[in-house]
Amino acid sequence: MDAAAGCAFEAGMMQPVINRARCENKGACVTACPYDVFVVRDVNEDDKRALGPLARIKLWAHGGKQAYADFAERCHGCGLCLSACPESAISLQRVR
């Protein structure tokens, strides 16, 4: 099946937003996304500082890594990442 068949938008119209307090580095979004929008990498210092104490502990417990939408411009808004994420840490927002 063509990945674009289930997508309602052109690339770049939608953007995934990851809730840093919820993401647990499971990587399901990386596997589910047919457009390679996501990567799992070390959480940057600005994002760490923005987390509350409990979220920082959770981040440490999960290896200090989380998913990032480093290639958000590739997103077609298909929603496969939303249904794949066990923490419901991803939402989609319209960019244009």
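No value in this document is a laboratory result; all are computed from the given coordinates. Source: prediction; values computed, not measured. As a convention, Cβ positions derive from the backbone with ideal geometry for all residues, glycine included, and neighbour counts pool all protein chains shown.
Pull up segment 14-53, narrow it to residues that are of a type outside the set (Asp, Glu) and without any contact (Cβ under 8 Å) to a residue 24 or more places away in the chain, then point me to the one that is nearest to Gly79 (Cα to Cα).
First pass over segment 14-53, keeping only residues of a type outside the set (Asp, Glu): 14-23, 25-35, 37-41, 43-44, 48-53.
Checking which are without any contact (Cβ under 8 Å) to a residue 24 or more places away in the chain leaves us with 43-44, 48-49, 53.
On the way: Val43: 23, Asn44: 25, Lys48: 26, Arg49: 29, Pro53: 30 Å.
Filtering first and then ranking leaves Val43.
If you check Ser91 against the conditions, is it in a strand (DSSP E or B) and among the small types (Gly, Ala, Ser)? Full working, then the answer.
Details: in a strand (DSSP E or B): yes; among the small types (Gly, Ala, Ser): yes.
Yes.
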With respect to the numbered conditions (1) touching a helix residue (DSSP H, G or I) at 6+ places or on another chain (Cβ under 7 Å); (2) surrounded by fewer than 18 Cβ atoms within 10 Å (Cβ to Cβ); (3) outside any loop (DSSP other than H, G, I, E, B), which one is the sole condition not fulfilled by Ala11? (3)
Exactly one of (1) assigned to a helix (DSSP H, G or I); (2) within 25 Å of Ala11 (Cα to Cα) is unmet by Ile57. Its number? (2)
Determine whether segment 41-60 contains at least one residue that is surrounded by fewer than 18 Cβ atoms within 10 Å (Cβ to Cβ), acidic (Asp, Glu) and closer than 18 Å to Gln93 by Cα. no
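I'd like the residue in segment 61-74 that is outside any helix (DSSP H, G or I) and either of a type outside the set (A, V, I, L, M, F, W, C) or in contact with a Pro (Cβ under 6 Å, 6 or more places away or on another chain) (or both) and, out of all such residues, is surrounded by the most Cβ atoms within 10 Å (Cβ to Cβ).
Restricting attention to segment 61-74, the residues satisfying the condition of being outside any helix (DSSP H, G or I) are 62-71.
Next cut, either of a type outside the set (A, V, I, L, M, F, W, C) or in contact with a Pro (Cβ under 6 Å, 6 or more places away or on another chain) (or both) only: 62-66, 68-70.
Numbers: His62: 14, Gly63: 12, Gly64: 13, Lys65: 16, Gln66: 26, Tyr68: 22, Ala69: 19, Asp70: 12.
Residue satisfying both the conditions and the ranking: Gln66.
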